[in-house]
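The values are calculated or read from the model by the stated rules, or taken from the named source; none is laboratory data. Treat the numbers as computed from the prediction; the structure is a model and nothing was measured. For neighbour counting, all protein chains shown are included, and Cβ atoms are generated from backbone atoms with ideal geometry for every residue, glycine included.
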Amino acid sequence: MPAASTTPTPLRTTPLRTVVALTPIAGSILFPLLVPLLMVRVSISAGVIAAVLIGSLWFVAMLRTAEMPGHS
């Protein structure tokens, strides 16, 4: 009996693959929009805090969803 293929078909998208695809896009759009708006509307310190928090969360999300090749 042949082994089942573990590669996903192109038409079937899992939620994790969607998150992996959207993580870089979401961070690159959210960061430059939210930080300057907070700096103008609230205060510079709020913008700096938002930059640190968004940057850290984005970095962690990118690491958690990274698709690394398997070691054999």
Checklist entry - Quick one: what pairs do we get from the stretch 20-35, first residue more than 15 Å from Ala66 (Cβ to Cβ), second of a type in the set (Val, Ile, Thr) and assigned to a helix (DSSP H, G or I), C-beta under 6 Å, 6+ apart or different chains? => result Phe31/Ile54
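Considering every residue within the stretch 39-52, establish whether at least one is under 11 Å from the mean Cα position of the chain (by Cα), of a type in the set (S, T, N, Q) and modelled with pLDDT of 80 or more.
Among the residues of the stretch 39-52, not one is under 11 Å from the mean Cα position of the chain (by Cα), of a type in the set (S, T, N, Q) and modelled with pLDDT of 80 or more, which makes the answer no.
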Checklist entry - Is at least one residue of the stretch 4-27 modelled with pLDDT of 85 or more and either surrounded by 13 or more Cβ atoms within 10 Å (Cβ to Cβ) or aromatic (Phe, Trp, Tyr) (or both)? => result no
Next on the checklist: Just to be sure I understand the filter: pairs with C-beta atoms under 8 Å, separated by 6 or more residues or on different chains, first member in the stretch 45-72 and outside any helix (DSSP H, G or I), second member loosely packed, with under 14 Cβ neighbours inside 10 Å and modelled with pLDDT under 90. Which pairs pass?
Outcome noted: Thr65/Leu16; Thr65/Val19
